[in-house]
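A.B. asks: What follows is a single structure, and I will ask about it in a moment.
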Amino acid sequence: MISPVSPIPRSAHRQRPEATPYLDLTRAEWSALRDKTPLPLTAAEVERLRGLGDVIDLDEVRDIYLPLSRLLNLYVGATDGLRGALNTFLGEQGSQSGTPFVIGVAGSVAVGKSTVARLLRALLSRWPEHPRVELVTTDGFLLPTKELQERGLMSRKGFPESYDRRALTRFVADVKAGKGEVSAPVYSHLIYDIVPGERLTVRRPDILIVEGLNVLQPALPGQDGRTRVGLADYFDFSVYVDARTEDIERWYLNRFKRLRETAFQDPSSYFRRYTQVSEEESLDYARTMWRTVNRPNLVENIAPTRGRATLVLRKGPDHKVQRLSLRKL
Ligand SMILES: Nc1ncnc2c1ncn2[C@@H]1O[C@H](COP(=O)(O)OP(=O)(O)O)[C@@H](O)[C@H]1O
Ligand SMILES: CC(C)(COP(=O)(O)O)[C@@H](O)C(=O)NCCC(=O)O
């Protein structure tokens, strides 16, 4: 006998959680997905990849970054399969070979994006299917200081308008199109400017990692009002490195303190003046930079792009990843 279907009470409809394209995982649930992926790095290698102030050890690599390396290896294989299907369909006409897999790494200033990007580069290059992994940071596409000054953008450094976004998108489009050699300008934290005449050349990698504050920004509309193809449209996978704003501020200030004792001591450092004043005075400057530049940029421009990432890594106050959200739909 078929039992009568009891209607769902109206209140239950209201309580149903909002549909989300993400699967939320705890650290333990995620780390169990590593399967048999071997750990290819030594503690010394991890130490070399670690950014100033970042806390990362072999446990973190094993629990967080090995499962990610395994997932990305599966994605690269599946994307190659899709490319094969497209080439079969297109035949001679438009088939494309040597298309690299492109990964975007986004997040605030001082959240530790560069450590994540360097670790991914090291781990992904150990897979025999894709040994050639290149890493490009978007700071190379910041407008040179002279131009930022002319446009009144010196206090907007890191905001979307402080970059040559067309050149950045063109760079990634060219690498993705399989061009033999594509080059990018190079930024130096030491001189706080683009290095005149220096270029970083990328030669047909298997994987390209693009790391920067604004990599998930949507494209600007063209002059005719039509949407252009944006940088993120070239990504096959993207990671957003997330943490509480208060924790990131603390990491930023601690890093500034440590840079004051190290990199800023260099006579050619743009920040050398902060070694000549008291620590408290120099920290006042760093606090102002955080409050007037980096925090507003995080709140207005960077954090709103989190929902476009394929994977969100949520760090705790100690830099260790506590929770992850993976796009499943
Ligand atoms: N003023 C500076 N002088 C030297 N190195 C710096 C300076 N500011 C940032 N860095 C280094 O540049 C890298 C990128 O920093 P940032 O853009 O804040 O991204 P993240 O901390 O997310 O990696 C980090 O490795 C950081 O230690
Ligand atoms: C160079 C940066 C804009 C980050 O560049 P990215 O590679 O993320 O595009 C940033 O690290 C920076 O220097 N911001 C300016 C404000 C400050 O000095 O803290």
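The values are calculated or read from the model by the stated rules, or taken from the named source; none is laboratory data. Keep in mind it's a predicted model, so treat the numbers as computed, not measured. Glycine gets a Cβ as well: all are built from the backbone with ideal geometry, and neighbour counts include every protein chain shown. For accessibility, only protein heavy atoms count, side chains too; no ligands or nucleic acids. Shrake-Rupley method; radii C 1.70, N 1.55, O 1.52, S 1.80 Å.
A.B. asks: Which one is nearest to Phe235 (Cα to Cα), of the residues in the range 169-192 that are touching a Gly at 6+ places or on another chain (Cβ under 8 Å) and either assigned to a helix (DSSP H, G or I) or open to solvent by 20 Å² or more (accessible area, probe 1.4 Å) (or both)?
C.D. replies: Per the stated criteria, the residue is Thr169.
A.B. asks: Counting only residues that are away from ligand 2 (no atom under 16 Å from the Cβ) and among the small types (Gly, Ala, Ser), how many does the range 115-147 have?
C.D. replies: So the count comes out to 2.
A.B. asks: So, of the residues in the range 168-194 that are within 15 Å of ligand 1 (Cβ to nearest atom) and among the aromatic types (Phe, Trp, Tyr), which turns out to be nearest to Arg260 (Cα to Cα)?
C.D. replies: Going through the qualifying residues, I end up with Tyr192.
A.B. asks: From Gly91, Gly77, Gly98, grab the single residue that is away from ligand 1 (no atom under 16 Å from the Cβ) and without any contact (Cβ under 8 Å) to a residue 40 or more places away in the chain.
C.D. replies: Gly91
A.B. asks: If you take the residues of the range 233-256 that are assigned to a loop (DSSP other than H, G, I, E, B) and charged (D, E, K, R), which of them is farthest from Val172 (Cα to Cα)?
C.D. replies: Arg244
A.B. asks: Is there a residue being surrounded by fewer than 20 Cβ atoms within 10 Å (Cβ to Cβ), among the aliphatic types (A, V, I, L, M), free of Cβ contacts under 8 Å to residues at least 12 places away in the same chain and within 13 Å of ligand 2 (Cβ to nearest atom) anywhere in the range 148-159?
C.D. replies: Checked the range 148-159: at least one residue is surrounded by fewer than 20 Cβ atoms within 10 Å (Cβ to Cβ), among the aliphatic types (A, V, I, L, M), free of Cβ contacts under 8 Å to residues at least 12 places away in the same chain and within 13 Å of ligand 2 (Cβ to nearest atom).
A.B. asks: Here's something else I'd like to know. Of the residues Leu71, Leu25, only one is at pLDDT 95 or above, assigned to a strand (DSSP E or B) and either touching a helix residue (DSSP H, G or I) at 6+ places or on another chain (Cβ under 9 Å) or farther than 23 Å from Arg203 by Cα (or both); which?
C.D. replies: Leu25
A.B. asks: If you don't mind, there's one more thing I want to ask. What about Leu213, is it touching a Gly at 6+ places or on another chain (Cβ under 8 Å) and surrounded by 20 or more Cβ atoms within 10 Å (Cβ to Cβ)?
C.D. replies: Values: touching a Gly at 6+ places or on another chain (Cβ under 8 Å): yes; surrounded by 20 or more Cβ atoms within 10 Å (Cβ to Cβ): yes.
So Leu213 fits the description; yes.
A.B. asks: Pull up the range 106-142, narrow it to residues that are away from ligand 1 (no atom under 16 Å from the Cβ) and crowded, with 16+ Cβ neighbours inside 10 Å, then point me to the one that is nearest to Tyr65 (Cα to Cα).
C.D. replies: Going through the qualifying residues, I end up with Leu123.
A.B. asks: Moving on. If we scan the range 53-60, do we find a residue that is open to solvent by 50 Å² or more (accessible area, probe 1.4 Å), touching a residue at least 60 places away in the same chain (Cβ under 8 Å) and assigned to a loop (DSSP other than H, G, I, E, B)? Walk me through how you get there before you give the answer.
C.D. replies: Filtering the range 53-60 down to residues open to solvent by 50 Å² or more (accessible area, probe 1.4 Å) leaves 55, 57, 59.
Keeping just the survivors that are touching a residue at least 60 places away in the same chain (Cβ under 8 Å) gives 55.
Narrowing the set further to residues that are assigned to a loop (DSSP other than H, G, I, E, B) leaves 55.
Checked against the condition, which is being open to solvent by 50 Å² or more (accessible area, probe 1.4 Å), touching a residue at least 60 places away in the same chain (Cβ under 8 Å) and assigned to a loop (DSSP other than H, G, I, E, B), the range 53-60 yields at least one hit.
A.B. asks: Among the listed residues Leu200, Leu259, which satisfies the condition of being out of contact with any strand residue (DSSP E or B) (no Cβ under 6 Å at 6 or more places or on another chain), open to solvent by 40 Å² or more (accessible area, probe 1.4 Å) and either within 16 Å of ligand 1 (Cβ to nearest atom) or not in a loop (DSSP other than H, G, I, E, B) (or both)? Steps first, please.
C.D. replies: On the way: Leu200 fails: out of contact with any strand residue (DSSP E or B) (no Cβ under 6 Å at 6 or more places or on another chain).
Result: Leu259 is the single residue among Leu200, Leu259 that is out of contact with any strand residue (DSSP E or B) (no Cβ under 6 Å at 6 or more places or on another chain), open to solvent by 40 Å² or more (accessible area, probe 1.4 Å) and either within 16 Å of ligand 1 (Cβ to nearest atom) or not in a loop (DSSP other than H, G, I, E, B) (or both).
A.B. asks: For the range 160-181, which residues satisfy the criterion of being aliphatic (A, V, I, L, M) and away from ligand 2 (no atom under 11 Å from the Cβ)?
C.D. replies: If we filter the range 160-181 for residues that are aliphatic (A, V, I, L, M), which is where we start, we get 167-168, 172-173, 175, 177.
The answer is Ala167, Val172, Ala173, Val175, Ala177.
A.B. asks: Let me confirm something: among Thr137, Thr88, Thr145, which residue is farther than 21 Å from Ala243 by Cα and either hydrophobic (A, V, I, L, M, F, W, C) or in contact with a Phe, Trp or Tyr (Cβ under 8 Å, 6 or more places away or on another chain) (or both)? Give the steps one after another, and end with the answer.
C.D. replies: Numbers: Thr137 fails: farther than 21 Å from Ala243 by Cα; Thr88 fails: either hydrophobic (A, V, I, L, M, F, W, C) or in contact with a Phe, Trp or Tyr (Cβ under 8 Å, 6 or more places away or on another chain) (or both).
The conditions single out Thr145.
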